[in-house]
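Novice: Starting off with a structure, shown below.
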Amino acid sequence: MITREIWPVLKRELASKEILVVTGPRQVGKTTTLKWLLEQVPENKAYLDLTLASVQRLFDYEDYDNIVNQLSGFGLDFSKRPVLAVDEIQYSKHIPRVIKYLHDHYKIKFILSGSSAFYMKNHFSESLSARKIVYELLPLTFREFLTIKSVKYKSVPLSPADFSKTAFNLFAHETLAALYDEYIEFGGFPGVALSESVERKKRMLDVIFSSYIDLDVKQLADFKSLTDLKKLISLLAVRVGSRLNIDELSQIMGLSRPTVTNYISFLEQTYLIRLLPAYSKNPSVRERLPKKVFFVDTGIANINADLSGGAKFENTVCHQLQAHGKTFFSTAGGEIDFILAHGKQAIALEVKETPVDKHLKELGKRAAKIQMDTFAIIGKNPSAKFNHFVFGGVL
């Protein structure tokens, strides 16, 4: 079993009264997570898989009290607090109303999983907004990747506040470079990481992407043309790390601007892409400015376009930074790849495969123009005469 870093956080939520929702892309381990959480509950618990037609029918009963009678058949005792894990909730549009009723009247502790923020926003009843707490389970971090590879060496966790004071870790690079290259190339889906051969990894990525199209897209959306959607995905993959130009994409595809915008919103909410906002202390300005496009998993981006090494590395760093705080980018005073909001600090970060001294000097000038607290370079390869940068493998 792959242990995820978020599990201790989720375990603490078992004692709360709120409905616990775990959402994220397909194939990242949500089912494993739900079953692990149930193992932490000593008794009076049950697991239901909504991909099964029989379970879907259970939640179609109009008499919600009768559902309780049916759940008793799974061994739940409603005279004391039961815990019910329901997997793949997007398979039932009726389930939000059922959950609300059972949570309010029978004090059931629900643990739910779903592969789509789109479903949460469009189908999960607003009346549950004060009753649920949502966590995202994303592809593996590089530290988790090393764990499932049984690599004993782990660098000391590095705080972003220390990035600017950190020198390139040559030992970590020599130890982890091959694995980090694999992580950059194929991403962090557990099934892909556990596959031994390159051919098998590519095959797994194809399967994951196909299941996304066949299940999430076809089930949750009513798009007229899957061909258009797939073409848009390819166009977005080519533009990894670039600002979105909706008008350009609209012209290339021959689709209206609202249609392209709706497609992109769906792709973001179903965890295929990640849109990075521009840095500004004014939220309305952040919302108005064009966003940068990244993919939630670099491997999926890589099978949809022939990405450069720099684009793959930047996409991977974008994923790694999510664990450290909110992430933005900036063009004010010059392009800065990432602005990381870590605690009360705003940190300017530039991503270079092989950094040199001038990259740091240029970043320093740009960071000063927008009053950053500190700045640092994130690199992948050793540099002959420059070592004042962070090796991406230790993020």
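The values are calculated or read from the model by the stated rules, or taken from the named source; none is laboratory data. Note that the structure is predicted; figures quoted are calculated from it, not measured. Cβ: placed from backbone, ideal geometry, glycine included. Neighbour counts: every protein chain shown.
Novice: How many residues does the range 295-311 contain that are surrounded by 24 or more Cβ atoms within 10 Å (Cβ to Cβ) and of a type outside the set (Asp, Glu)?
Specialist: Looking only at that region, the number is 6.
Residue-by-condition table, conditions (1) within 23 Å of Leu128 (Cβ to Cβ); (2) among the aromatic types (Phe, Trp, Tyr); (3) crowded, with 19+ Cβ neighbours inside 10 Å:
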{"site": "Thr3", "(1), (2), (3)": "no, no, no"}
{"site": "Pro8", "(1), (2), (3)": "no, no, no"}
{"site": "Val21", "(1), (2), (3)": "yes, no, yes"}
{"site": "Thr31", "(1), (2), (3)": "yes, no, no"}
{"site": "Leu50", "(1), (2), (3)": "yes, no, yes"}
{"site": "Phe59", "(1), (2), (3)": "yes, yes, yes"}
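Novice: For Tyr119, which of the numbered conditions (1) assigned to a helix (DSSP H, G or I); (2) within 23 Å of Leu38 (Cβ to Cβ); (3) at pLDDT 85 or above fails to hold?
Specialist: In the conditions (1) assigned to a helix (DSSP H, G or I); (2) within 23 Å of Leu38 (Cβ to Cβ); (3) at pLDDT 85 or above, Tyr119 misses (3) alone.
Novice: Then there is this: Only one of Lys165, Lys224, Lys231 is within 29 Å of Ala278 (Cα to Cα), surrounded by fewer than 15 Cβ atoms within 10 Å (Cβ to Cβ) and not aromatic (Phe, Trp, Tyr); which?
Specialist: Selected residue: Lys165, the only one of Lys165, Lys224, Lys231 that is within 29 Å of Ala278 (Cα to Cα), surrounded by fewer than 15 Cβ atoms within 10 Å (Cβ to Cβ) and not aromatic (Phe, Trp, Tyr).
Novice: Ok, one more. For the range 299-329, enumerate the residues that are closer than 14 Å to Tyr183 by Cα and of a type in the set (D, E, K, R).
Specialist: Listed by number, the residues that qualify are Lys312, Glu314.
Novice: Listed residues Phe163, Phe171; which is touching a residue at least 24 places away in the same chain (Cβ under 8 Å), within 18 Å of Phe391 (Cα to Cα) and not small (Gly, Ala, Ser)?
Specialist: Phe163
Novice: Just checking, does the range 251-271 include any residue being in contact with a Phe, Trp or Tyr (Cβ under 7 Å, 6 or more places away or on another chain), surrounded by 15 or more Cβ atoms within 10 Å (Cβ to Cβ) and of a type outside the set (Phe, Trp, Tyr)?
Specialist: yes
Novice: If you don't mind, another one. Go through (1) out of contact with any Pro (no Cβ under 7 Å at 6 or more places or on another chain); (2) modelled with pLDDT of 95 or more; (3) closer than 14 Å to Ser164 by Cα one by one and return the number of the condition Leu395 breaks.
Specialist: Answer for Leu395: the failing condition is (2).
Novice: Go over the candidates Val86, Val55 one by one and state the one that is under 13 Å from Ile99 (Cα atoms) and either outside any strand (DSSP E or B) or not small (Gly, Ala, Ser) (or both).
Specialist: Val86
Novice: Moving to a separate point now. Only one residue in Ser250, Ser265, Ser280, Ser256 is small (Gly, Ala, Ser) and modelled with pLDDT under 90, so which one is that?
Specialist: Going through Ser250, Ser265, Ser280, Ser256 in turn, the sole match is Ser280.
Novice: Could you please find all residues in the range 186-201 being surrounded by fewer than 17 Cβ atoms within 10 Å (Cβ to Cβ) and either of a type in the set (Lys, Arg) or under 18 Å from Gly392 (Cα atoms) (or both)?
Specialist: Within the range 186-201, just Arg200 meets the criteria.
Novice: Only residues in the range 265-292 that are touching a residue at least 12 places away in the same chain (Cβ under 8 Å) count as the first member; pair them with residues that are assigned to a loop (DSSP other than H, G, I, E, B) and basic (Lys, Arg), Cβ under 8 angstrom, at least 6 apart or cross-chain, and list the lot.
Specialist: As it stands, the answer is Leu275/Lys291; Leu276/Lys291; Pro277/Lys291; Ala278/Lys291, since those pairs meet every condition given.
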